[in-house]
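Participant: Take a look at this one; I'll ask things after.
The values are calculated or read from the model by the stated rules, or taken from the named source; none is laboratory data. Please read these numbers as outputs of a predicted model, since none were measured by experiment. Positions of Cβ are generated from backbone atoms using ideal geometry, with glycine treated the same way; all protein chains shown enter the neighbour counts.
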């Protein structure tokens, strides 16, 4: 795999039990259980990252970035595995609704998400949801974002970096997203779910960039892969898209400008 792609290598941790437990107790009609992890896959693929969906038992060491989206049932041993991954140089991204229940699907007789509070460097003090017409606001790096599906109100530890805060209503000033250094790597906790995913995309792009990876900006429907020395692009959108290729690239199939439903194969 080319070095620039290896630097973006990404895994999404998922299993069916977590899908079942959240989908049967969504707590808000706005929660989209199936598409929630998929949106992180789409973000990573828009960056041109090779993405694998893996079980929690898989070896994490070959991935530069590991995303854990809404992994509701977890335990302290799994939290330790994630901590070890980050300590060895990995960049771990955990989202809201992770580790809120034990392996039997029961809430902890402790604080919310107790097994990962030390890992993320923050405590989930409360969670809330808004109605479909309400709009909560978040600010990050002077940019404003909207949320209304889910919000964790975080209390960061002393050495934890605050990346984003809520900016209106009862939540104003409360922490929404945190990041902490762990050994050679980092752990980021995204405690909020947005409809347009712009906040999540901006957070992920910053993580990839600070990890030393370059990122692409492919539009929706454009997917680019690398397999055994060949580059492959497919266009699932309704619009033409022109691939940015090096002058030395050799087109083996298709055309540089991808038509809708088009396929392009090239080598570099």
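Participant: State whether one or more residues within the stretch 86-106 are more than 20 Å from residue 12 (Cα to Cα) and in contact (Cβ under 8 Å) with a residue 60 or more places away in the chain.
Facilitator: The answer is yes; a qualifying residue exists.
Participant: Turning to a different aspect of this structure: If the Cβ limit is 8 Å and pairs must be 6+ apart or interchain, which residue in the stretch 1-29 that is free of Cβ contacts under 8 Å to residues at least 12 places away in the same chain and assigned by TED's automatic domain parsing to the domain that holds residue 206 pairs with which residue that is surrounded by 14 or more Cβ atoms within 10 Å (Cβ to Cβ) and assigned to a loop (DSSP other than H, G, I, E, B)?
Facilitator: Pairs found: 23/33; 26/33.
Participant: Output the residues belonging to the stretch 170-198 that are under 16 Å from the mean Cα position of the chain (by Cα), buried (at least 19 other Cβ atoms within 10 Å of the Cβ) and farther than 17 Å from residue 82 by Cβ.
Facilitator: Result: 176, 177, 192, 193, 194.
Participant: Being surrounded by 19 or more Cβ atoms within 10 Å (Cβ to Cβ), at pLDDT 95 or above, within 12 Å of the chain's Cα centre (by Cα) and not in a loop (DSSP other than H, G, I, E, B), is that true of even one residue in the stretch 12-26?
Facilitator: Yes, the stretch 12-26 has at least one match.
Participant: Looking at (1) modelled with pLDDT of 95 or more; (2) assigned to a loop (DSSP other than H, G, I, E, B); (3) in contact with a strand residue (DSSP E or B) (Cβ under 6 Å, 6 or more places away or on another chain), which one does residue 97 not meet, given that it meets all the others?
Facilitator: (3)
Participant: With the checklist (1) outside any loop (DSSP other than H, G, I, E, B); (2) under 23 Å from the mean Cα position of the chain (by Cα); (3) without any contact (Cβ under 8 Å) to a residue 40 or more places away in the chain in hand, flag the one item residue 237 doesn't pass.
Facilitator: (1)
Participant: Quick check on the stretch 39-71: of everything there that is more than 15 Å from the chain's Cα centre (by Cα) and surrounded by 14 or more Cβ atoms within 10 Å (Cβ to Cβ), which residue is farthest from residue 194 (Cα to Cα)? Lay out the reasoning, then the answer.
Facilitator: Restricting attention to the stretch 39-71, the residues satisfying the condition of being more than 15 Å from the chain's Cα centre (by Cα) are 55-62.
Among the residues that remain, those that are also surrounded by 14 or more Cβ atoms within 10 Å (Cβ to Cβ) are: 56, 58, 60.
Details: 56: 25, 58: 29, 60: 27 Å.
Ranking the qualifying residues of the stretch 39-71, first place goes to 58.
Participant: List the number of the failed condition for residue 167; all other conditions in (1) exposed (fewer than 14 other Cβ atoms within 10 Å of the Cβ); (2) free of Cβ contacts under 8 Å to residues at least 40 places away in the same chain hold.
Facilitator: Failing condition for residue 167: (1).
Participant: Name every residue in the stretch 107-131 that is assigned to a loop (DSSP other than H, G, I, E, B) and in contact (Cβ under 8 Å) with a residue 60 or more places away in the chain, in order of residue number.
Facilitator: Let us first name the residues in the stretch 107-131 that are assigned to a loop (DSSP other than H, G, I, E, B), namely 108-111, 113, 121, 129-131.
Passing the criteria: 121, 129.
Participant: Would it be correct to say that residue 217 is surrounded by fewer than 16 Cβ atoms within 10 Å (Cβ to Cβ), at positive phi and not assigned by TED's automatic domain parsing to the domain that holds residue 100? Break it down stepwise before answering.
Facilitator: Numbers: surrounded by fewer than 16 Cβ atoms within 10 Å (Cβ to Cβ): yes; at positive phi: no; not assigned by TED's automatic domain parsing to the domain that holds residue 100: yes.
So residue 217 fails the test.
Participant: Out of (1) within 24 Å of residue 9 (Cα to Cα); (2) under 24 Å from the mean Cα position of the chain (by Cα); (3) not assigned by TED's automatic domain parsing to the domain that holds residue 146, what's the single condition that is false for residue 244?
Facilitator: Of the numbered conditions (1) within 24 Å of residue 9 (Cα to Cα); (2) under 24 Å from the mean Cα position of the chain (by Cα); (3) not assigned by TED's automatic domain parsing to the domain that holds residue 146, the odd one out for residue 244 is (2).
Participant: Run residue 220 past the list (1) outside any loop (DSSP other than H, G, I, E, B); (2) out of contact with any helix residue (DSSP H, G or I) (no Cβ under 7 Å at 6 or more places or on another chain); (3) touching a residue at least 60 places away in the same chain (Cβ under 8 Å) and report the number of the one that doesn't hold.
Facilitator: (1)
Participant: Determine which single condition residue 134 fails, assuming it passes every other condition in (1) part of a loop (DSSP other than H, G, I, E, B); (2) touching a helix residue (DSSP H, G or I) at 6+ places or on another chain (Cβ under 7 Å); (3) over 28 Å from residue 56 (Cα atoms).
Facilitator: The one condition residue 134 does not meet is (2).
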